[in-house]
Amino acid sequence: MKYLSTRGDAARPRFCDILLEGLAPDGGLYLPERYPRIDDAALTRWRGLSYAELAFEILSLYIDDIPPADLREIVSRTYTAEVFGTPDIVPLTRLDGDRGGLYLEALSNGPTLAFKDMAMQLLGNLFEYELGRRGETLNILGATSGDTGSAAEYAMRGKRGIRVFMLSPHGRMSPFQQAQMFSLQDANIHNLAVEGVFDDCQDIVKAVSADLAFKRDKRIGTVNSINWARLLAQVVYYFAGWLQATTSNEQRVSFTVPSGNFGNVCAGHVARMMGLPIERLVVATNENDVLDEFFRTGRYRVRGSAETHETSSPSMDISKASNFERFVFDLLGRDAQRTKQLFGDDVPRGGFTLDAAEHARVREFGFVSGRSSHADRVETIRTIAQASGVVVDPHTADGLQVAAGLRGPEPMIVLETALPAKFSATIVEALGREPSRPAGLQDIENRPKRFTVMPVSVDAVKQYIAQNTR
Ligand SMILES: *Cc1c(COP(=O)(O)O)cnc(C)c1O
């Protein structure tokens, strides 16, 4: 399989060439040259597979520059009951039997209790493998306000040839999220608590990465959500969800996906393009409704920071959706010129509007959308707990709220993107009690913490990196 850029770059790299990269050289995003089609026989064969075996089948359609035996070993080491809490890895829970049934697909039983572990754990093992093969090392630099940073750290901890430098806004993460990251004692993990807000952290990362000499010399890389390997890893659980909810290959299901940067639901789009019988892909947003506005109107309007709300489903608080260009490229019949016109120079003038014919095609791709508010989340958490005894986190509640209004006759699978333990304030507001915690995390806030406080200074961060990469 070869890969292309959504903006038309002539190069056609293979999987391992883009594994450690972010954007394509022309600023576009990588996609496979074509989507392999899955036939009926394959779907039938896959019904009996474990999650790791299923992941191997799907990944090997896109990865032909890692020997199959090695890939199989990496995947089976990644998707284990020890790491993901259950042998099913992504078990379905049935919430009601109306119409085709409403299901939750649990993606958040990994080490950091959010779905980002599903992809990041694989990425850690792939990075270690590929760097080892090349005899290289990598220093991952990132900024986080919560889920991404901790997922990256838990995936990279103790890995040979890899260090992580993770910037977070000092004192602004929830105590649980902070404890998750700062309690890691691994020598290759560096937590930098920046005396500023999340945007300051992100600006520092951008400035350090823009210093190309420093970047090359210190071998700086990233693990952000536009990485193709992360997206590919997520394709697997759409197949796993469909396999659990159906008994025959004719049955279609719909998925609802709590969305921010469009990485998660874009993987659903890829699964659908491969021929997985998905009826609808429901994009659920919170008050930051860039994506809902687009799917309803065809207008993609990037928000400024004044218009970006801090909500109780914080991992969906985005001003623009960094993976969105991938879908638009497919929507426009893979017209790289038109994609470049729309997205070039970082979405000029803050956005674009598709013409009516272009916008009408979102339905052919199965997409619909909806948004929810803080009051909706609280209400949904309460209703679901009363009706089924299941406590969901605020992001998953956004999904359930939006799904409720868009159910058809087919089964609806809502992706559970985090566990409620991570967002106790909203759970207390909704239910009047603390969410339960998985075993072993009871005392996490009391563990010794390992972090360095940094001023809002590009030079200070560079100096820290230089001192700690010798
Ligand atoms: C990252 C995240 C999301 C949003 O996923 P995208 O891939 O950015 O659309 C939703 N919920 C939780 C809990 C997350 O961590």
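The values are calculated or read from the model by the stated rules, or taken from the named source; none is laboratory data. It should be emphasised that the depicted structure is a prediction, and the values quoted were computed from it without experimental measurement. Quick reminder, even Gly has a Cβ in these numbers, built from the backbone with ideal geometry, and neighbours come from all protein chains shown. Side chains included, ligands, DNA and RNA excluded: accessible areas come from the protein's heavy atoms. Shrake-Rupley method; radii C 1.70, N 1.55, O 1.52, S 1.80 Å.
V197 satisfies every condition listed in (1) over 24 Å from the mean Cα position of the chain (by Cα); (2) within 20 Å of T308 (Cα to Cα); (3) surrounded by fewer than 18 Cβ atoms within 10 Å (Cβ to Cβ) except (1). Cβ-Cβ below 6 Å, separation at least six or inter-chain, first residue in segment 251-265 and over 17 Å from P314 (Cα atoms), second within 6 Å of the ligand (Cβ to nearest atom): which pairs? Listed pairs, sorted by first residue: V265/S259.
Among the conditions (1) out of contact with any helix residue (DSSP H, G or I) (no Cβ under 6 Å at 6 or more places or on another chain); (2) touching a residue at least 12 places away in the same chain (Cβ under 8 Å), the only one that R134 does not satisfy is (2). Of the residues in segment 352-363, none is crowded, with 16+ Cβ neighbours inside 10 Å and within 16 Å of the ligand (Cβ to nearest atom). Considering the conditions (1) open to solvent by 50 Å² or more (accessible area, probe 1.4 Å); (2) farther than 30 Å from V205 by Cβ, R12 is excluded by exactly one of them, (2). Scanning segment 390-429 for residues that are more than 11 Å from the ligand (Cβ to nearest atom), among the hydroxyl-bearing types (S, T, Y) and surrounded by 20 or more Cβ atoms within 10 Å (Cβ to Cβ) yields a single hit, T426.
Restricted to segment 266-293, and to residues there that are without any contact (Cβ under 8 Å) to a residue 40 or more places away in the chain and within 15 Å of the ligand (Cβ to nearest atom), the residue that is surrounded by the most Cβ atoms within 10 Å (Cβ to Cβ) is G268.
For segment 23-38, taking the residues that are over 17 Å from A321 (Cβ atoms) and at pLDDT 95 or above, the one that is most open to solvent (accessible area, probe 1.4 Å) is identified as R37. Of the helices (runs of 4 or more DSSP H) lying entirely inside segment 51-162, those containing at least 3 residues that are within 16 Å of the ligand (Cβ to nearest atom) and open to solvent by less than 10 Å² (accessible area, probe 1.4 Å) are 116-134, 147-156. A search for C-beta distances below 6 Å between a residue of segment 432-447 that is within 12 Å of F176 (Cβ to Cβ) and any residue that is open to solvent by 60 Å² or more (accessible area, probe 1.4 Å) and of a type outside the set (V, I, T), counting only pairs 6+ apart in sequence or on different chains, returns E445/P175.
V302 - would you say it is surrounded by fewer than 20 Cβ atoms within 10 Å (Cβ to Cβ), within 16 Å of the ligand (Cβ to nearest atom), β-branched (V, I, T) and within 30 Å of A24 (Cα to Cα)? Yes: the conditions hold for V302.
Against the test of being in contact with a strand residue (DSSP E or B) (Cβ under 9 Å, 6 or more places away or on another chain), more than 21 Å from A106 (Cα to Cα) and within 16 Å of the ligand (Cβ to nearest atom), the options F367, F329 yield a single qualifying residue, F367. Among the residues of segment 313-348, those identified as of a type in the set (S, T, N, Q) and crowded, with 22+ Cβ neighbours inside 10 Å are S313, S315, N323, T339.
This table checks each residue for (1) of a type outside the set (A, V, I, L, M); (2) in a loop (DSSP other than H, G, I, E, B); (3) surrounded by fewer than 22 Cβ atoms within 10 Å (Cβ to Cβ).
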| residue | (1), (2), (3) |
| --- | --- |
| Q180 | yes, no, no |
| R216 | yes, no, yes |
| A229 | no, no, no |
| V235 | no, no, no |
